[in-house]
1. Looking only at residues in region 73-87 that are under 10 Å from THR160 (Cβ atoms) and among the charged types (D, E, K, R), which one is surrounded by the most Cβ atoms within 10 Å (Cβ to Cβ)?
2. Checking PRO237 against (1) at pLDDT 95 or above; (2) open to solvent by less than 10 Å² (accessible area, probe 1.4 Å); (3) not polar (S, T, N, Q); (4) not in a helix (DSSP H, G or I), which single condition isn't satisfied?
3. Cβ-Cβ distance below 7 Å, separation of 6 or more or different chains: which pairs start in region 153-177 with a residue that is closer than 26 Å to ASN207 by Cα and end on one that is acidic (Asp, Glu)?
4. Working carefully through the options VAL171, VAL201, VAL166, find the one that is open to solvent by 20 Å² or more (accessible area, probe 1.4 Å), in contact with a His (Cβ under 8 Å, 6 or more places away or on another chain) and assigned to a strand (DSSP E or B).
5. Answer with yes or no whether ALA396 is in a loop (DSSP other than H, G, I, E, B) and farther than 30 Å from PHE278 by Cα.
6. Does LYS249 satisfy being touching a residue at least 40 places away in the same chain (Cβ under 8 Å), of a type in the set (D, E, K, R) and out of contact with any strand residue (DSSP E or B) (no Cβ under 9 Å at 6 or more places or on another chain)?
7. Consider LEU18 carefully, then state whether it is part of a helix (DSSP H, G or I), modelled with pLDDT under 95 and either hydrophobic (A, V, I, L, M, F, W, C) or under 29 Å from ARG244 (Cβ atoms) (or both).
8. Only one residue in GLU308, GLU282 is closer than 30 Å to SER245 by Cα, among the acidic types (Asp, Glu) and either out of contact with any Gly (no Cβ under 6 Å at 6 or more places or on another chain) or touching a residue at least 24 places away in the same chain (Cβ under 8 Å) (or both). Which one?
Amino acid sequence: MIRRTWFAVLVNGFFISLAFAKPGTNPALGRLPDGVTPVVGAWFWTEDTFGPEGYRKALDFFRDHTVYNLLTTSCRLPGYEVTHPEVPARLREAVAYAKRCGMGVAFELDVRLAREAFRMAYPDELQEVLRLRTVELTGDGKATLRISSQVPRDHMNGRTTPYLLVSSRLVRVYTFQSGSDGIRRGTVRSVDPARCTIDDVDRSTVNVTIDCGPGMEGRTACIAVAFAHLTPDVFAPHLLDFQRSIVEKYADLDLAGILKDEWGFPPCFDGCPQKNDFWYSEARAVAYAERTGGRDLVDDCLLMYLGEQGRGAERRAAINHFLDMSRLRNSLIEDHYYRLAKEFFGPDAYLFTHPTWMPYPGTAEFKKNGLHWWTATRDLAQTDECTPYCARTSLAKKWGSPVWFNQYYAKTAESYELN
């Protein structure tokens, strides 16, 4: 299913202009001059691009059948991270040929396209997800809870390595008494780690066993396990330095700009309805304590998940802090990338594509980026597919953009008329 979907994106990105181009003509003569908002097309590289002059087929098509004068270009292929020396070498040739065809190239240099390189450089700064799961306890014997995680995929790695699970660790075990409206006030206790054992079933699953003793009957345990994924921690101390190092490798290319597409944490498509998974890391926990005057992030994840009688205001404050941290940190990363584009490729360099995640600002944003649409630095307003018009116009006003760009993959004019 993933492979079919990715192929459709490639086909639609390649032939996005077919509904508007006139067969047998060369609309390149009608391309807009410099100083006018660009006509943008998406170009996703395939394995053939790395063959001898493999870029020419796509660029010749764009030249002869579209009015594009700017191509947002991405290499999301297995074995070709953007730190691979063959990628800038091939891009140099493609950029020169595109320029002769009357088109500029903006290239995707996102850190998510160099995840293996990041892991090699900073193995202790990978993104973790903190999973909180509960089990009822008895006063004798043992209670075992099996906790599994998933390997997410998204548009960034549909054909490459997914966000693999790298490791797992037990972070905290709590016990408490449950009430009808959350944890009973004042009943939370931490369990001595010596009373718990964790057994790896595989990289995606662990069994946690609690040695139950007297006084445990009638109580519930909440076990917090962190799973590390093959992607940089959004709060990683070296993330911005690594992001800069990638852009520097391409600084001598004649690029029209760079891309950061749907940036944020790994994907969550359902919005985590149970609210029992939190993107986590030790770096984020430190930042959370600094922001909140010393509060413990893991303790507050338990509070956000289950609530506690009489602590509703604290819970709401924790939720607001957590989501606002996501918004601010992801905005900082976007702004840093925007400024790298200007520093290395000039003040007129573009930063594409859109910062939106789902095309509608809804519950799926809970784990993605804190709805950082409105603070992700751009010169031009950019959205995705069926984003509401009010969101598009709001972004245009936010950035003083004369137009908005709405990225879409369809081969019929009707789809664009509707959206």
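The values are calculated or read from the model by the stated rules, or taken from the named source; none is laboratory data. Since this is a predicted model, take the numbers as computed values, not measurements. Using ideal geometry, Cβ is built from the backbone for each residue, glycine included, and neighbour counts are taken over all protein chains shown. Keep in mind that these areas ignore ligands, DNA and RNA; they rest on the heavy atoms of the full protein, side chains included. Shrake-Rupley method; radii C 1.70, N 1.55, O 1.52, S 1.80 Å.
1. Residue satisfying both the conditions and the ranking: ARG76.
2. Going through (1) at pLDDT 95 or above; (2) open to solvent by less than 10 Å² (accessible area, probe 1.4 Å); (3) not polar (S, T, N, Q); (4) not in a helix (DSSP H, G or I) one by one, PRO237 breaks only (2).
3. SER168/ASP200
4. Every option except VAL166 fails the conditions.
5. No, not satisfied.
6. yes
7. It is false that LEU18 is part of a helix (DSSP H, G or I), modelled with pLDDT under 95 and either hydrophobic (A, V, I, L, M, F, W, C) or under 29 Å from ARG244 (Cβ atoms) (or both).
8. Selected residue: GLU282, the only one of GLU308, GLU282 that is closer than 30 Å to SER245 by Cα, among the acidic types (Asp, Glu) and either out of contact with any Gly (no Cβ under 6 Å at 6 or more places or on another chain) or touching a residue at least 24 places away in the same chain (Cβ under 8 Å) (or both).
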